[in-house]
Amino acid sequence: MSKPTPEQLIVSQLGPRTVRSPLPLSNTWGDDFGNFIPDEARMLYQPTGMPGWPVDPHLSLERAGPRESIFFDPAKARAAIVTCGGLCPGLNNVIRSVFLQLHDNYGVRDVFGIRNGYQGLNPAVGKPPIRLDLEFVDTIHKLGGTVLGTSRGEQDAAVVVDFLQRDRIDMLFCVGGDGTQRGAHAIAREAARRGYAIAVVGIPKTIDNDINYVWRSFGYITALDRAREVLHGAHAEARGVQNGISLVKLMGRDAGFIAAGAAAASQEVDFTLIPEVPFKLEGENGFLPCLKRRILAREHAVIVVAEGAGQDLMPDEPVQRDASGNLKPRDIGMFLRSRIAEYFAAERIPAQVRYFDPSYIIRSAPADTGDSLLCDQMARHAVHAAMAGKTDMLIGFWYNVFVHVPIPLVTAGKRYVDPEGELWMAVLSATGQPARFE
């Protein structure tokens, strides 16, 4: 991730804040009341020095939190929530917490749920919004998926803004990954061009944990927990037979955070393959010979592969993309399964390969306790930002502090597992695999 400029960290503001917040908070620290957060409260972009990258006191991010003066009058404001992209544990928690913060704490009475992602913002293809109320959101946080539905792909920003203006929506909360946030930026930009004062606020959602300026996105810890359960089963299957090999494919199109995190957490994985660390199959130090040595020594092995790993190893095929424009990875799981079976047959070593692909089961699970808390925190900070008239920005999570980040900065790149970082070092220590298969 390249170093930003101070100008790139400036959050857009719709206008002067002239309404007193209804929240019962204080401006006096130490009086045992929660406090408003001034815009002057900042978080250093790089709070600790690194070799070749010293602390720059001129680079800082705006702290998230409730503002004493807000832009919208809660009695008149109207808000909408949209969930986009693939499923992820915690989506319903976010919907519920956004609604409760708006309705119960700010007193906003008109809150709508947009159905089936950005399609619901285009009357030609989408279903009409749902008016949210206490009964509707009562128990949705206990469910996986999203009660509003979702879809991939953008809609024409002009059509979307026509829809939002017609329904007099003042705040739009966009829950999704980088594709969703690019769509949110287009909406905010079109609204600004028209002089339409709408707060467009992003809430980061990616089970892959790869959004810039978000150290941990909701759903990631739940995914690790569910993946670890699969790995326990895969380990039992591998040990249950002689020369048993369990191969588990996990999500991670561009970044291997789930594969790496689950491997480190389970402590039962022998090989972890992720997109950030290229590997070779053949040769003395290739993956297959290393796997062979493991089987001869221990008679079982568990392998975890992220879906985006090893794409250079497979035969060239026409490039395919999903509706959001994301490159569709070729199936590394099935490819490795075949190559492993062929290799051991050629080596005349009997082996039994078990293949697991739990992706859809994991991403449709309800949020666990840690993710439920994170969902609530992100949702409530998003409402504070929107009520204050912040727009074209996303709730970030930077050095364990919630911050406001301009969406263009967020979508300029992605987070990746650092091959020299603590997570990958933990994987190498837990698996005992070499740093490179080459």
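Gln119 fulfils the conditions (1) without any contact (Cβ under 8 Å) to a residue 60 or more places away in the chain; (2) assigned to a loop (DSSP other than H, G, I, E, B) except for a single criterion, (2). Going through (1) at pLDDT 90 or above; (2) part of a loop (DSSP other than H, G, I, E, B) one by one, Pro47 falls short only on (1). Scanning the stretch 144-159 for residues that are aliphatic (A, V, I, L, M) and surrounded by fewer than 24 Cβ atoms within 10 Å (Cβ to Cβ) turns up Val147, Ala157, Ala158, Val159.
Of all the listed residues (Gly179, Gly202), the sole one being touching a residue at least 24 places away in the same chain (Cβ under 8 Å), touching a strand residue (DSSP E or B) at 6+ places or on another chain (Cβ under 9 Å) and within 28 Å of Gly413 (Cα to Cα) is Gly202.
Scan the stretch 127-138 and give yes if some residue there is under 30 Å from Leu327 (Cβ atoms), of a type outside the set (Lys, Arg) and in a loop (DSSP other than H, G, I, E, B), otherwise no. Within the stretch 127-138, none of the residues are under 30 Å from Leu327 (Cβ atoms), of a type outside the set (Lys, Arg) and in a loop (DSSP other than H, G, I, E, B).
Scan the stretch 296-324 for residues that are out of contact with any His (no Cβ under 9 Å at 6 or more places or on another chain), modelled with pLDDT of 95 or more and more than 20 Å from Glu438 (Cβ to Cβ) and the total you get is 5. Among the residues of the stretch 23-30, are any touching a residue at least 60 places away in the same chain (Cβ under 8 Å) and either farther than 24 Å from Ile211 by Cβ or touching a strand residue (DSSP E or B) at 6+ places or on another chain (Cβ under 8 Å) (or both)? There is at least one residue in the stretch 23-30 that is touching a residue at least 60 places away in the same chain (Cβ under 8 Å) and either farther than 24 Å from Ile211 by Cβ or touching a strand residue (DSSP E or B) at 6+ places or on another chain (Cβ under 8 Å) (or both).
Take the conditions hydroxyl-bearing (Ser, Thr, Tyr), at pLDDT 95 or above, surrounded by 18 or more Cβ atoms within 10 Å (Cβ to Cβ) and within 30 Å of Leu121 (Cβ to Cβ) and apply them to Thr83. Does it pass?
Yes: the conditions hold for Thr83.
Total residues in the stretch 171-190 satisfying the condition of being over 23 Å from Gly308 (Cβ atoms) and surrounded by fewer than 24 Cβ atoms within 10 Å (Cβ to Cβ): the figure is 4. Here Ala197 clears all of (1) of a type in the set (Gly, Ala, Ser); (2) under 26 Å from the mean Cα position of the chain (by Cα); (3) at pLDDT 95 or above except the condition numbered (2). Residues that are touching a Pro at 6+ places or on another chain (Cβ under 6 Å) and surrounded by fewer than 21 Cβ atoms within 10 Å (Cβ to Cβ) within the stretch 103-126 comprise just one, Gly107. When you scan the stretch 97-104, do you find a residue that is β-branched (Val, Ile, Thr), within 25 Å of Phe397 (Cα to Cα), in contact with a helix residue (DSSP H, G or I) (Cβ under 9 Å, 6 or more places away or on another chain) and part of a helix (DSSP H, G or I), even just one? Taking every residue of the stretch 97-104 in turn, at least one turns out to be β-branched (Val, Ile, Thr), within 25 Å of Phe397 (Cα to Cα), in contact with a helix residue (DSSP H, G or I) (Cβ under 9 Å, 6 or more places away or on another chain) and part of a helix (DSSP H, G or I). Whether any residue in the stretch 273-281 is free of Cβ contacts under 8 Å to residues at least 24 places away in the same chain and either in contact with a strand residue (DSSP E or B) (Cβ under 9 Å, 6 or more places away or on another chain) or closer than 27 Å to Tyr45 by Cβ (or both) is what I want to check. No: the stretch 273-281 contains no residue that is free of Cβ contacts under 8 Å to residues at least 24 places away in the same chain and either in contact with a strand residue (DSSP E or B) (Cβ under 9 Å, 6 or more places away or on another chain) or closer than 27 Å to Tyr45 by Cβ (or both). List the number of the failed condition for Asp376; all other conditions in (1) modelled with pLDDT of 95 or more; (2) out of contact with any Asp or Glu (no Cβ under 8 Å at 6 or more places or on another chain); (3) within 21 Å of Asp178 (Cβ to Cβ) hold. All conditions are met except number (3).
Within the stretch 68-93, track down each residue that is in a helix (DSSP H, G or I) and among the polar types (S, T, N, Q). Across the stretch 68-93, the qualifying residues are Asn92, Asn93. The number of residues in the stretch 87-102 that are buried (at least 24 other Cβ atoms within 10 Å of the Cβ) and farther than 13 Å from Val137 by Cβ comes to 3.
The values are calculated or read from the model by the stated rules, or taken from the named source; none is laboratory data. Please read these numbers as outputs of a predicted model, since none were measured by experiment. Quick reminder, even Gly has a Cβ in these numbers, built from the backbone with ideal geometry, and neighbours come from all protein chains shown.
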